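First up is the structure itself, then whatever we jot down about it.
The values are calculated or read from the model by the stated rules, or taken from the named source; none is laboratory data. Source: prediction; values computed, not measured. Note that each Cβ is placed from the backbone with ideal geometry, even for glycine, and that neighbours are counted across all protein chains shown. Quick note on the areas: whole protein, heavy atoms, side chains included, nothing else; ligands and nucleic acids left out. Shrake-Rupley method; radii C 1.70, N 1.55, O 1.52, S 1.80 Å.
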Amino acid sequence: MSLGHHLHTAFDADVVVLDVLSLTSETLDMHLGAQARRIAGGEISPRSIRLRLMLPDVTGIRLAFPRSVGDPDDDRPRKRHRDMVVSHARSLRDSLLGLQRRDLVDEVSVGIRKVPLTPTLKMYLLNGEQLLEGYYTLDEWTPAPAEGAGGTIVDSIGLGAELFPYSRRDQAFKVEAAQRFFDSYWEQLGGEMELGGTL
């Protein structure tokens, strides 16, 4: 099942807690809008929403991917990735905080931190009860010229990647281990990500 399905269930709760490790947060950004529309339409009314999002440090380190096939020193694929990361993170922040500003949700907390690594998988911990994991498979492909990547690149296929679900009810050890992993990286490696833009 897609991330959208699992988010739909998670947002039925009174208290929504999302801990996410991602390469770009593109998939989360795409599906979270549907939940914001459910809230705005009165279909659901969570009392609080907390998002902790970890993303790669796109300015402080040289990520393993994306990279140019022909010239590993070509910075254009990395710039394209940086722009994507910042754009989706801003969108998520503004969408969620906007729910509180419009008095649709009493309490909203959004934390976005950068970590000095290239994620090889995406991880979603939903309400402390469910873990979703998906692997970033690498491939060579050529983005449209307007995207500014400069030609063929090695990049991950993350959007639409298969997600493997684990529930606390059936796989408590796995879910709890993933939560400890997330918390440790958040506290020990995570630094605040400067996004700029308007709230």
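Residues are listed down the side, and each one gets a yes or a no for (1) crowded, with 18+ Cβ neighbours inside 10 Å; (2) more than 29 Å from ARG180 (Cβ to Cβ); (3) not β-branched (Val, Ile, Thr):
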| residue | (1), (2), (3) |
| --- | --- |
| VAL69 | no, yes, no |
| LEU99 | yes, yes, yes |
| ARG102 | no, yes, yes |
| THR120 | no, no, no |
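Check ASP12 against each of (1) surrounded by 21 or more Cβ atoms within 10 Å (Cβ to Cβ); (2) out of contact with any strand residue (DSSP E or B) (no Cβ under 7 Å at 6 or more places or on another chain); (3) assigned to a loop (DSSP other than H, G, I, E, B) and name the one condition it does not meet.
With respect to (1) surrounded by 21 or more Cβ atoms within 10 Å (Cβ to Cβ); (2) out of contact with any strand residue (DSSP E or B) (no Cβ under 7 Å at 6 or more places or on another chain); (3) assigned to a loop (DSSP other than H, G, I, E, B), ASP12 is out only on (1).
May I ask you to list pairs of residues, at least six apart or on different chains, whose Cβ atoms are under 7 Å apart, with the first in the stretch 68-91 being within 21 Å of ASP19 (Cα to Cα) and the second being part of a helix (DSSP H, G or I) and open to solvent by less than 70 Å² (accessible area, probe 1.4 Å)?
These pairs meet every condition: MET84/GLU26; HIS88/GLU26; HIS88/ASP29; SER91/ASP29.
Quick one: GLU187 ticks every box in (1) free of Cβ contacts under 8 Å to residues at least 60 places away in the same chain; (2) within 29 Å of HIS8 (Cβ to Cβ); (3) charged (D, E, K, R) bar one, so which box is it?
Going through (1) free of Cβ contacts under 8 Å to residues at least 60 places away in the same chain; (2) within 29 Å of HIS8 (Cβ to Cβ); (3) charged (D, E, K, R) one by one, GLU187 breaks only (2).
Please verify whether the stretch 105-116 includes one or more residues that are outside any strand (DSSP E or B), loosely packed, with under 13 Cβ neighbours inside 10 Å, acidic (Asp, Glu) and touching a strand residue (DSSP E or B) at 6+ places or on another chain (Cβ under 8 Å). Quick ask: steps written out before the conclusion?
Filtering the stretch 105-116 for residues outside any strand (DSSP E or B) gives 105-106, 116.
Okay, now just the ones that are also loosely packed, with under 13 Cβ neighbours inside 10 Å, so 106, 116.
If we keep only those that are acidic (Asp, Glu) too, we end up with 106.
Checking the rest, the ones that are also touching a strand residue (DSSP E or B) at 6+ places or on another chain (Cβ under 8 Å) come to 106.
For the stretch 105-116, residues outside any strand (DSSP E or B), loosely packed, with under 13 Cβ neighbours inside 10 Å, acidic (Asp, Glu) and touching a strand residue (DSSP E or B) at 6+ places or on another chain (Cβ under 8 Å): present.
I need the full set of residues from the stretch 33-52 which are open to solvent by less than 30 Å² (accessible area, probe 1.4 Å) and over 10 Å from the mean Cα position of the chain (by Cα), in order please. Spell out how you get there, then give the answer.
Step one: list which residues in the stretch 33-52 are open to solvent by less than 30 Å² (accessible area, probe 1.4 Å), which gives 33, 35-36, 38-39, 44, 46, 48-49, 51.
GLY33, GLN35, ALA36, ARG38, ILE39, ILE44, PRO46, SER48, ILE49 - these are the residues of the stretch 33-52 that are open to solvent by less than 30 Å² (accessible area, probe 1.4 Å) and over 10 Å from the mean Cα position of the chain (by Cα).
I need a count of the residues in the stretch 41-86 that are in a helix (DSSP H, G or I) and touching a Gly at 6+ places or on another chain (Cβ under 9 Å).
Looking only at the stretch 41-86, we keep the residues that are in a helix (DSSP H, G or I), and these are 76-86.
Next, from what is left, pick out any that are touching a Gly at 6+ places or on another chain (Cβ under 9 Å): 76-77, 79-80, 83, 86.
Going through the stretch 41-86 one residue at a time, the tally reaches 6.
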